[in-house]
Amino acid sequence: MIGSVLKKVFGSKNERELNKLRPIVEQINALEPQVQALSDDQLKAKTPAFREQIDQGATLDEILPEAFAVVREASVRALSMRHFDVQLIGGIALHQGKIAEMKTGEGKTLAATLPAYLNALAGHGVHVVTVNDYLATRDTEWMGVLYRFLGLTVGTIVHGLDDRQRQDAYHADITYGTNNEFGFDYLRDNMKFSPESMVQREPHYAIVDEVDSILIDEARTPLIISGPVEHSSDELYEEMRPKVIKLRQHQDRFLREIFDEALEKLEREGDGEAALELLLKVQRGDPKNASLLDLIAKQPALKKRLERLEGQLSTQKLLPQIDQALFCVIEENHNIAELTEKGLRLIYGGHVDDYIVPDLDEELEKIEADDRLTTTEKRAQRQKAEAFHREASERFHVTRQLIKAYWLFNKDVQYVVKDGQVVIVDEFTGRMMPGRRWSDGLHQAVEAKEGVKVAEENQTLATVTFQNYFRMYEKLAGMTGTADTEAAEFKKIYDLDVIVMPTNEPMIRVDYPDVIYKTEAEKFRAVVEEIKELHKKGQPALVGTISVDKSEKLSSMLSKAKIKHEVLNAKHHEREAEIVAQAGQRGLVTISTNMAGRGTDIVLGEGVKEVGGLHIIGTERHESRRVDNQLRGRAGRQGDEGSSRFYLSLEDDLLRIFGGERMSSIMERLGMEEGEPIAHGMISKAIENAQRKVEAHNFEIRKQLLEYDDVMNKQREVIYKQRREALSGESLRPTIEEMMQERCQGIAHTFADENVPPEEWDVKGLRDAVYRQFLLRLRIDRNTMDELTGERLAELIFESAMKVYEEKEMDFGADQFRGVERMVVLQVVDNLWKEHLLAMDHLKEGIGLRGYGQQNPLVVYKREGFDMFMDMIERIKEEAIRFLFRIQVVRPEEMAAKEKARQEKISYSHGGDGVKAPVRRKEKKVGRNAPCPCGSGKKYKKCCGK
Ligand code: ADP
Ligand code: MG
């Protein structure tokens, strides 16, 4: 009460905001006679003149009044529409980066031309965002006449354009397009391999039409680009798995025998050395051997003695003698799993030599020294040797990981298998850690062991929420008929103020109070009755439903009653626009879901004013008041006659689920008869309360999505920035050298512990690690080694690696090699980022499933997400270097073919809104073993089909 009195005295906040804008409108109006006096050419000449002024340092605010006056005059001449004063106010609000609430039919399309023109003068592009392709095209054509009159260029971004067309559209002064296309282009640009194929400029200024629809309704689901999951080395795991199983069987049988022998010896000889040696064998062959662990539990002293014996044999270098009886050796605390010669023979039959990783250096030297070979032949042989080497070491790696999976990792202890996925169990807390994956192929090995595949057929390649996409614009503005109810959310999430515009003509629509029936059936009967009445009078009716289902139900009822009508369901925008544009014609009945035909102007037909204008019937209240207002707002535009009424039933979801006790008790008190509606203020209040509750709940969901996406957003920014840098054309060589240095230090750190004397360093491990990283045999003999520090070791590795690297660069030619570096870094970044996205998805899902007591899941997500991200960064370095040292010759066409194949498998989605393109396969399916269609001469599975 007091509030409304005060409002009358001082004016509401909104009034005050509007009052601030009014003087500017007067300025614009005052300039009108002046611009009217200009010839067409003089008017057009204003555009370059404004640009000149801006170059001289004038601000947009300073030239706003004259620029708006020019646009208005140009509109009169080009479109025969003169911007109303309220449209000028709206235009100023949009220029100021606010949300202008302007009712349906107030002419938002035209209002937006004012700030679009003004801001385009700055030369960085303006985006006008619409909800569908039809509106984007319509508005470009419609308003394009005006822009072009003033010498500006206009472009449209819709579905199905190629990069070239998109670039043109984005380089226009003003670009109309849909939110989905803008968002997908952003994501796609950040998956590109050359800067020339990027299409967008830096996001500058966007005006979002139907802003509530885009920034609120659609913001509940992110944009996702997905592609098929790639299993690069799956085949190798599959190939090696049965062999490792066989290995395990043989080893188990053998260990059982010697364990029994050891027991016998223990009984006969007491605690003799011979028995102990046998037990050590069991331990080295299977550290988790149940019988052994049992025995140790009974005789704890054994543990110490075994350790001592192992230490002794190790210093005497006698361990190999123990090991050679085994098929494979596992050192749990060093995380080592190694095949012995016996194991190799078991796995590979007689052809062990074929599989032993040969000493590459020796081979290469042999090739080099062979005088019978020409240079080209030498080169070919060298490559062959290297390729063989690569494959053999990859196979070894996979085998080792499989051995670990079979010997050291137990189901329901270190991991569980849940819904077809291997889920890690935290060893300290015993909690499941969905989403986390062991690295370096171990997780794949465990998956192979359990016979599970990564569940997703499709995986996310790139994703962004609308919130985070639109927040990238330097300036953001919006317009809609219904923003006020969501003002708090706009402020909080987007920092956008809502300002409500007065209507051009006074609004005279009559909004009748809701009527409520007991059952849905009664409700729909009543709706049909009312439509019959209207039909008789010739008054047009627009009936809103909340789903396609309900539309169809009503439609069949109307058909039975022999009432002609149209049904729309927001699928065919263009056709529906034509139908809905007719909805105000005499006697027409149009049924439509909420979204259908949005953005289309409904003009009243001949004689309709006399029968009361367009009547809106709502058949259910939506969860959000805003959507109800949207429906109502379709009548009574520009001072038209019109009316609206909502029909509800106690069976409606909103009342059933959210109405609560209160609603039922009100009903009971008021008493309800079959077929008798009630309309009561108390009920409207209760419904509004229910709606507020749902609105708040939905806001919470959107906020949460955003909070989670914010974690991703920071990571995305880092990765995209790095990617852009890689694409910028600067040489990556310094970065790569840095990565190499870090890797050398990392390796030295792992194998040459400062606190351990050099003679105890794991030289074999070191050599292997250097080999895996740089494809390089480290030539340091034991003696040199003993004098080394870890740091000096890192330097030595780096020097040798650099030498190889420089040779490689010479082989390729420096220029071409720069390109190779770029490609490799981009591919590695993309691959690991993609994997990371998948892992983050899992993490997010998984976190909901973990019981966290007092911990906030978001905090956990942030922390673990950060760890995973840092891991990924490390792995990017590791893998990029690894690839670079293995790369042979990459032909550009091969790359292009690969990229093309990848593109064709990609699909785009945003929630369930039907944007999702089916996975397309343009070419015929190629057999895995057939020659690759790219012409490389390799098998498809080894080339583009990888
Ligand atoms: P909104 O998007 O606000 O619902 P539209 O931009 O679709 O409204 O415009 C509604 C109708 O009003 C259109 O047919 C348009 O031609 C008309 N209109 C808008 N502004 C003016 C104006 N200043 N003078 C005359 N007609 C106008
Ligand atoms: Mg519109």
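Values for this structure:
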quantity: Of residues in the range 486-523 being of a type in the set (Asp, Glu) and within 44 Å of the chain's Cα centre (by Cα), the one nearest to residue 471 (Cα to Cα); calculated: 495
quantity: Any hit, the range 720-730, residues being at pLDDT 90 or above and touching a helix residue (DSSP H, G or I) at 6+ places or on another chain (Cβ under 7 Å); calculated: no
quantity: Scan of the range 92-130 for residues that are farther than 19 Å from residue 504 by Cβ, among the hydroxyl-bearing types (Ser, Thr, Tyr) and within 12 Å of ligand 2 (Cβ to nearest atom), ordered by number; calculated: 130
quantity: Qualifying residues in the range 57-102 (those that are more than 34 Å from the chain's Cα centre (by Cα) and part of a loop (DSSP other than H, G, I, E, B)) - the one surrounded by the most Cβ atoms within 10 Å (Cβ to Cβ); calculated: 83
quantity: Selected residue [touching a residue at least 24 places away in the same chain (Cβ under 8 Å) and in contact with an Asp or Glu (Cβ under 6 Å, 6 or more places away or on another chain)] from 236, 146, 152, 223; calculated: 152
quantity: Inter-residue pairs, beta-carbon under 9 Å, first closer than 15 Å to residue 60 by Cα and in the range 83-99, second among the small types (Gly, Ala, Ser) and more than 14 Å from ligand 1 (Cβ to nearest atom), 6+ apart; calculated: 93/477; 94/477; 95/477; 96/477; 97/477
quantity: Residue check for residue 606: under 30 Å from residue 83 (Cβ atoms), part of a loop (DSSP other than H, G, I, E, B) and modelled with pLDDT of 90 or more; calculated: yes
quantity: The lone exception for residue 595 - which of (1) within 16 Å of ligand 1 (Cβ to nearest atom); (2) among the hydrophobic types (A, V, I, L, M, F, W, C); (3) outside any loop (DSSP other than H, G, I, E, B) it fails; calculated: (3)
quantity: Residue satisfying all of: in the range 493-528; among the β-branched types (Val, Ile, Thr) and assigned to a strand (DSSP E or B); surrounded by the fewest Cβ atoms within 10 Å (Cβ to Cβ) among these; calculated: 510
quantity: Qualifying residue in the range 314-329 (condition: modelled with pLDDT under 85, closer than 30 Å to residue 438 by Cβ, acidic (Asp, Glu) and touching a helix residue (DSSP H, G or I) at 6+ places or on another chain (Cβ under 9 Å)); calculated: no
quantity: Any pair with Cβ under 6 angstrom, 6 or more apart, that starts in the range 863-878 at a residue that is of a type in the set (Val, Ile, Thr) and ends at one that is part of a helix (DSSP H, G or I); calculated: 876/828; 876/829; 876/832
quantity: Selection count, the range 72-125, where residues are out of contact with any Leu (no Cβ under 9 Å at 6 or more places or on another chain) and either more than 10 Å from ligand 1 (Cβ to nearest atom) or small (Gly, Ala, Ser) (or both); calculated: 7
quantity: Pairs, first farther than 12 Å from residue 147 by Cβ in the range 105-130, second within 16 Å of ligand 2 (Cβ to nearest atom) and of a type in the set (Lys, Arg), C-beta under 8 Å, six or more apart; calculated: 105/637; 106/637
quantity: Within the range 578-603, tally of residues that are in contact (Cβ under 8 Å) with a residue 60 or more places away in the chain and either surrounded by fewer than 18 Cβ atoms within 10 Å (Cβ to Cβ) or under 20 Å from residue 510 (Cα atoms) (or both); calculated: 2
quantity: Helices (runs of 4 or more DSSP H) (entirely within the range 710-807) containing at least 1 residues that are in contact (Cβ under 8 Å) with a residue 40 or more places away in the chain and more than 23 Å from residue 831 (Cα to Cα); calculated: 733-751, 763-774
quantity: Long-range neighbours under 6 Å by Cβ, at least six apart or interchain, first residue farther than 10 Å from residue 287 by Cβ within the range 319-333, second assigned to a strand (DSSP E or B) and β-branched (Val, Ile, Thr); calculated: 323/329
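The values are calculated or read from the model by the stated rules, or taken from the named source; none is laboratory data. As the structure is a prediction and not an experimental result, all values here were calculated from the model. Glycine also receives a Cβ, built like all others from the backbone with ideal geometry; neighbour counts cover every protein chain displayed.
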